[in-house]
Amino acid sequence: MAGAVPTRIRFDNAGGKVVFDHKKHAADYAVPCERCHHESATPRENVKPCGTCHGVTFDDAFRKNHAAAINDGASCVTCHHSEYAAAKWDHDAHAQGYSPSCTDCHHDTSIEPTPTNCADCHSDGKNGASPDRKTAVHTRCAPCHADMFDAGVKGCASCHPFTDTRARFASTKEAVVGPGSASCQTCHADQKLKDLVPGRMAAFHGQCMSCHEKEGKGPFKKDQCQQCHLK
């Protein structure tokens with residue numbers, strides 16, 4: 001850990017301040033730094049304070065400023081941990097081997113007398129007149145590939161080349177968060193952001209209480225709040 005390692009840390013809280021004995025957990029209990037400072041999958045010196053990643057609320061202000069606060073690759077790929085490239089799609093294999101008709105993918109002839117490329121009508125941005133290209137292609141693919149779509153994010157790699165950015169950083173120290181993986185909703189479309197990136201209180205409670213419960217020591221039950229929170 002860069003700089004002086006704190007002995008104790010006081011967290012002010014509406015439910016009563018919490019005095020956390022950092023030295024006892026780190027030195028006496030030998031808790032590895034990366035278990036709490038989990039922005040990196042491996043031990044590192046320049047760990048981040050909890051509040052850097054877990055704001056009081058994961059609101060617009062936090063999203064706007066977090067890139068400046070979390071400015072190293074190890075921390076970025078903790079959340080932006082996967083990247084899917086453009087799909088490698090074999091047109092000839094589908095046309096000759098799977099599809100009995102061009103109009104299974106290209107709209108019926110009343111709309112398209114001659115089959116055209118998807119991008120001719122469906123752009124990358126929503127223009128209001130027709131679905132964007134991603135939505136249009138997925139809508140056409142889903143009926144035939146229901147098993148892939150039912151698998152959620154895990155099914156994406158069936159078509160899209162997948163990169164585990166967290167594993168790449170750990171092995172090569174080279175990982176760049178591309179624009180395609182910058183938005184949480186790219187992969188986690190149906191999940192709320194607060195569930196993906198817990199706020200500060202939820203992060204502390206989840207990290208501390210789950211460890212105490214696993215070890216069978218210290219407070220972890222809902223009626224034991226006063227053991228951490230001091231009036």
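Values for this structure:
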| quantity | calculated |
| --- | --- |
| Sole exception among (1) open to solvent by 70 Å² or more (accessible area, probe 1.4 Å); (2) at pLDDT 85 or above for ASN117, by number | (2) |
| Condition broken by THR42, with the remaining ones in (1) surrounded by 11 or more Cβ atoms within 10 Å (Cβ to Cβ); (2) among the β-branched types (Val, Ile, Thr); (3) more than 18 Å from HIS205 (Cα to Cα) satisfied | (1) |
| Selection within the stretch 1-51 - of a type in the set (Lys, Arg) and under 26 Å from LEU230 (Cα atoms) | ARG8, ARG10, LYS17, LYS23, LYS24, ARG35, LYS48 |
| Some residue of the stretch 213-220 being closer than 30 Å to HIS22 by Cα, at pLDDT below 85 and in contact with a His (Cβ under 6 Å, 6 or more places away or on another chain) | no |
| The stretch 134-154 - residue that is closer than 30 Å to GLY73 by Cβ and more than 16 Å from the chain's Cα centre (by Cα) and, of those, modelled with the lowest pLDDT | LYS134 |
| So ASN71, is it closer than 20 Å to SER171 by Cβ and open to solvent by 60 Å² or more (accessible area, probe 1.4 Å) | no |
| When residues of the stretch 105-131 are limited to those that are small (Gly, Ala, Ser) and part of a loop (DSSP other than H, G, I, E, B), the one nearest to the chain's Cα centre (by Cα) | GLY125 |
| Spans of helices (runs of 4 or more DSSP H) in the stretch 8-89 with at least 2 residues touching a residue at least 40 places away in the same chain (Cβ under 8 Å) and among the polar types (S, T, N, Q) | none |
| Helices (runs of 4 or more DSSP H) wholly inside the stretch 132-231 containing at least 1 residues that are surrounded by 14 or more Cβ atoms within 10 Å (Cβ to Cβ) and in contact (Cβ under 8 Å) with a residue 24 or more places away in the chain | 133-141, 153-156, 165-172, 193-196, 200-215 |
| Residue in the stretch 80-102 that is modelled with pLDDT under 80 and open to solvent by 80 Å² or more (accessible area, probe 1.4 Å) present | yes |
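The values are calculated or read from the model by the stated rules, or taken from the named source; none is laboratory data. Everything numeric in this text was worked out from a predicted model, so none of it was measured. Using ideal geometry, Cβ is built from the backbone for each residue, glycine included, and neighbour counts are taken over all protein chains shown. For the accessible areas, the whole protein counts, side chains as well, though only heavy atoms, and no ligand, DNA or RNA atoms are used. Shrake-Rupley method; radii C 1.70, N 1.55, O 1.52, S 1.80 Å.
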